[in-house]
Amino acid sequence: MVEHAAAPGRLRLHIAGLRHDAALAARLTALAGREGEWLAAEFRSLTGSVVIRHDPRQPAGAVVTRLGALLALATGRPVPACGADEDRGAGTG
């Protein structure tokens, strides 16, 4: 996963295996919806990205860790650990 510009409470990530995989996007959307941990999550198979809107008090690293766990559930494969530092700038992604 690669982090792009973020703002407090909003994180956009690129997920290599998501691009052009609508079935994976649908599985991730269903899993994220059941979790209820985030305010919203949009998985975009066309671009291979996800935009997650979350409580701004929740660290970006915790969001990325949870996303990794959802990816592992959706794909049946372990996902390498990665971290993210939330950029407090005005992300446009």
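The values are calculated or read from the model by the stated rules, or taken from the named source; none is laboratory data. Since the model is a prediction, treat every value here as computed from it, not as a measurement. Ligands, DNA and RNA are excluded from the accessible area calculation, which covers all protein heavy atoms including side chains. Shrake-Rupley method; radii C 1.70, N 1.55, O 1.52, S 1.80 Å.
Each residue of the range 19-26 in order: what ³J(HN,Hα) in whole Hz does its phi give by Karplus 6.51 cos²θ - 1.76 cosθ + 1.60, θ = phi - 60°, with x for Gly and Pro?
Karplus-based 3J(HN,Hα) across the range 19-26 equals 4, 6, 10, 5, 5, 5, 4, 5 Hz.
Pop out the ³J(HN,Hα) list for the range 44-60 in order, Karplus 6.51 cos²θ - 1.76 cosθ + 1.60 with θ = phi - 60°, rounded to Hz; leave Gly and Pro as x.
Here the 3J(HN,Hα) series is 10, 6, 5, 9, x, 10, 9, 10, 10, 9, 9, 4, x, 7, 7, x, 4 Hz.
If 75, 47 are ordered by their accessible area, calculated over protein heavy atoms with a 1.4 Å probe, which sequence runs from highest to lowest?
Descending order: 47, 75.
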